[in-house]
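The values are calculated or read from the model by the stated rules, or taken from the named source; none is laboratory data. None of the values given here were measured: they were computed from a predicted structure. FYI the Cβ positions are ideal-geometry reconstructions off the backbone, even for glycines, and counts take in every protein chain you see.
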Amino acid sequence: MNAPQTAPRQKPERITGVAHLFAAAGYSIGGLRRLWQETAFRHISLALPLCLILFAALGVGMLEYAILLVLFFGLIAVEALNTAIECIVDHLAPQWEEFARDAKDLGSLATMCLLCANGVFLGTVVFRSLALN
């Protein structure tokens, strides 16, 4: 017995003007909801306020806060892209495939690189703040 065929979905009409801004915001919120399902993103979300508290305790300047936020937003963006890669790869290769492993490993490497950049920055700020006191 064959499963019933479903008609292909039509591509939605392009949204333009101010409505596009609201649609794009909705898509971003949808992405944030999906990303919240990832443990790594929840850890990043927890680390940011802890780092902000640490910076406040150290009395660092506005430049350090700005760099911290840029690095964290970059980390969130890369984590979102890594999750997108994983979603696509899982769809394309439900069984183990070498290309799937490679794609996931490369996405993980990108995330790790930004985690390291955040760590280097945090370590530098903490070391410099403690060395000056």
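Just one of the listed residues (ALA47, ALA56, ALA23) is at pLDDT 95 or above, surrounded by 12 or more Cβ atoms within 10 Å (Cβ to Cβ) and on the phi < 0 side of the Ramachandran plot, namely ALA47.
Restricting the first member to the range 44-66 and to residues that are free of Cβ contacts under 8 Å to residues at least 60 places away in the same chain, and the second to residues that are assigned to a helix (DSSP H, G or I) and among the acidic types (Asp, Glu), the beta-carbon pairs closer than 8 Å and six or more apart or on different chains are ILE44/GLU79.
Of all residues in the range 111-133, exactly one satisfies the criterion of being touching a residue at least 24 places away in the same chain (Cβ under 8 Å), over 14 Å from ILE44 (Cβ atoms) and small (Gly, Ala, Ser), namely SER129. Annotation: of all residues in the range 81-110 being closer than 14 Å to ALA40 by Cα and of a type in the set (A, V, I, L, M, F, W, C), the one that is farthest from the chain's Cα centre (by Cα) is LEU109. Do the conditions hold for LEU114, that is, is it surrounded by 11 or more Cβ atoms within 10 Å (Cβ to Cβ) and either in a helix (DSSP H, G or I) or of a type outside the set (D, E, K, R) (or both)? Considered against the rule, which asks whether it is surrounded by 11 or more Cβ atoms within 10 Å (Cβ to Cβ) and either in a helix (DSSP H, G or I) or of a type outside the set (D, E, K, R) (or both), LEU114 comes out as yes.
Within the range 59-109, restricting attention to residues that are assigned to a helix (DSSP H, G or I) and among the polar types (S, T, N, Q), which residue is surrounded by the fewest Cβ atoms within 10 Å (Cβ to Cβ)? The selected residue is SER108. Scanning the range 32-64 for residues that are within 13 Å of the chain's Cα centre (by Cα) and of a type in the set (Asp, Glu) returns a single hit, GLU38.
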